[in-house]
Structure formats: C-alpha cells, structure tokens
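Below: one structure, written as structure tokens.
The values are calculated or read from the model by the stated rules, or taken from the named source; none is laboratory data. These numbers were taken from a predicted model, which means no experiment stands behind them. All Cβ positions, even for glycine, are placed from backbone atoms using ideal geometry, and neighbour counts span all protein chains on display. We work out accessible area using only protein heavy atoms, side chains counted, and drop any ligands, DNA or RNA first. Shrake-Rupley method; radii C 1.70, N 1.55, O 1.52, S 1.80 Å.
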Amino acid sequence: MTETLPALTTAERAAAVERLVAAEIAAATVPVALTNSFQAEDMVLLHIVRRHLPNVPVLFLDTGYHFAEVLEYRDRMAHEWQMNLYNIVPQITVSQQESQFGILNQTDPTHCCGLRKVQPLFAALEDYGVWFTGLRREQAKSRAALKEIDDFALPSGRTIRKLSPLTEWSAKDIWTYAAQHEIPLLTLYDQGYTSIGCEPCTTLPLDPNDPRSGRWGGQKLECGIHLPTANH
Ligand code: SF4
C-alpha cells in the first residue's frame, strides 16, 4: 500500500530553501545574482537569499513598459532593504523602438520581449555564474518540468548555474511566508492581478484557475527568459 506523505508546511519549505541557499552561496566560486520582477515570489526568495548574501546583485528588467505601481514599489523596497539593485535597460529606448518597429507589444510581443527582456538579461548574466530565480512549477504548464538546479546555457555558449529554490512552493506558501515575515507586496495584487509583467501585456486573469492567463492576453505564456536553453 502506498503511503501518502503529509504536505510540508511553509515553515518546513522555507527551512529547506534556506539550507539550499546557504550551501549554494557558501560553495559559489563565481559571482551570484538574483533576478527580481518585484512580484511576490522574487521578494520571498530575495528575503531568504539576502540573509546569506546581503549585497546580492538584484537584476530588474527595466523594460520601459512597467506599471507605475511596480516602479514605485521597486524604489521603496530597494531603499528599505538597501538592495544592490541593477536596473537592466534595453539597447534602445521605448520611443526609438516604437519609431523603428511600431507598437511591437501589439504586433509582435515575442520580438518586443526579445529586445526589452531576453537580450538585455542574457547580456547582464554574462557577469555572473549563479542565477537565482523565484520561479514555481505551479505558475504555468510551461514551468511544470522546472528544475530546482539547472545548467543554463547563455547565447554566448557559456553555462551558468540556474537555481529556482521555490520550485515546489504553492501560491499559498508564498503568501504565508510573506505574511509571516511582514514583507509588503505589490498593491496590484489587491486589485486582483495574479501575475504582473509589463502594463500593456498584463490584465486581470482571464481564467481564474490559471494565474498567468492575464499575461499577453492568454496568447503566450513566457517572455523567453525561462525557456529551455534549446529554445533560445
Ligand atoms: S511583456 Fe509586453 S511590453 Fe514587456 S517586453 Fe514583452 S511584449 Fe514588450
């Protein structure tokens, strides 16, 4: 007879993540960074990582299309937590891009994400050897096979260590941890948003059972940063 193990509590999950983060940081012989969209998952992971690496570089993709609320929250939390924040900007401004290509987020969002997210991040990651992300498997079917520890090949061919310690966490775990540790979260969650990216490509969820269904009007699931190496 198969015995069903009880689900881990949020505190038990947090303790396991803490052990992994501590071990990885202690063993790292290459620079470590954490990407932060300032959504709840990334803030929870940063809260844990900064206990072991207070000055961890925090990489934010400053696409030029963010909600004002995200930028205000970024600036407030960066100040309160004394973050070592890097605003990663694309090679061309929004107005240059719109003059050259039109409103790509309406006509070709994959091209837009490539210019404003994927290329700038992969260029920035060339300075690092370990990459922490707050990804969770439950977020989308495109993340169902997410690995906690993965080798990630950058377009240059260099491979870095991609760590997603919250892989198995539920949304409830994230909210519980944030409440227990009094982490203020983006006010957009209070308006019903469940996944928050650039403003033109984010709505309230179209399917209440799919937290990422408000991204890109349900037309795509990923900006391209977190696709398996073979797909970029
Ligand atoms: S999420 Fe939308 S606006 Fe942001 S980079 Fe992608 S297509 Fe462009």
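Output the Cα-based Rg and Dmax of the chain in Å, rounding Rg to one decimal and Dmax to a whole number.
For the chain, the Cα radius of gyration and maximum Cα-Cα distance read 17.5, 65 Å.
Mind giving me the nanometre distance, one decimal, between the label points for His181 and Leu227, set 7 Å out from Cα along Cα→Cβ?
Here the answer is 3.2 nm between the modelled labels.
For the stretch 123-134, take each phi angle, set θ = phi - 60°, evaluate the Karplus expression 6.51 cos²θ - 1.76 cosθ + 1.60, and give the result in whole Hz per residue in order, putting x for glycine and proline.
Each residue of the stretch 123-134 in turn: 5, 5, 5, 4, 7, 10, x, 10, 10, 8, 10, x Hz.
Can you list the residues, at least 5 places off or on another chain, whose amide H is less than 5 Å from the amide H of Leu61, using H built in the peptide plane?
Those lying under 5 Å, H to H, from Leu61 are Asn36, Ile88.
Leaving out ligands and nucleic acids, and using a 1.4 Å probe, what accessible area per residue does the chain come to in Å²?
Value returned for the chain: 50 Å² of accessible area per residue.
From the residues Val44, Thr159, Asn209, which one has its Cα farthest along the dipole of the chain in the positive direction, the dipole being from +1 and -1 charges on Cβ of Lys/Arg and Asp/Glu about the Cα centre?
It is Thr159, whose Cα lies furthest towards the positive end.
Ordered by residue, what ³J(HN,Hα) values in Hz, to whole numbers, does the stretch 71-78 give under the Karplus form 6.51 cos²θ - 1.76 cosθ + 1.60, where θ = phi - 60° and Gly and Pro are x?
With coefficients 6.51, -1.76 and 1.60, one gets 5, 5, 5, 3, 5, 5, 6, 4 Hz.
How large is the dipole of the chain about the Cα centre if only Lys and Arg carry +1 and Asp and Glu carry -1, each at its Cβ, rounded to the nearest 20 debye?
380
Quickly estimate the mean residue ellipticity at 222 nm for the chain, helices only: each DSSP H run with n ≥ 4 gives -39500 (n - 2.57), and the total goes over all residues, rounded to 500.
The per-residue figure over the chain is -9500 deg cm²/dmol.
Given the Cα-Cα distance of His111 and Tyr189 and 0.36 nm per residue of separation, how much length would full extension add, in nm?
25.3 nm
What is the sum of charges around Ile103, taking Lys and Arg as +1, Asp and Glu as -1, for the other residues whose C-beta is under 13 Å from the C-beta of Ile103?
-2
Please state the relative contact order of the chain as a whole percent: Cα pairs under 8 Å, 6+ residues apart?
With pairs under 8 Å counted, the relative contact order is 22 percent.
Residues in the stretch 95-133 near a label at Glu18, defined as backbone nitrogen under 20 Å from the 7 Å Cα→Cβ point?
So the set is 133.
By how many nm would the segment from Ala123 to Asp151 lengthen if fully extended, with 0.36 nm per residue of separation less the alpha-carbon distance?
8.4 nm
For Leu53, Leu59, what's the largest-to-smallest order of accessible area, 1.4 Å probe?
Descending order: Leu53, Leu59.
Could you derive backbone 3J(HN,Hα) for the stretch 203-219 from the dihedral phi with the Karplus parameters 6.51, -1.76 and 1.60 (θ = phi - 60°), listing whole Hz in sequence and x where the residue is Gly or Pro?
Couplings: 10, 4, x, 7, 10, x, 8, 10, x, 9, 6, x, 9, 6, x, x, 7 Hz.
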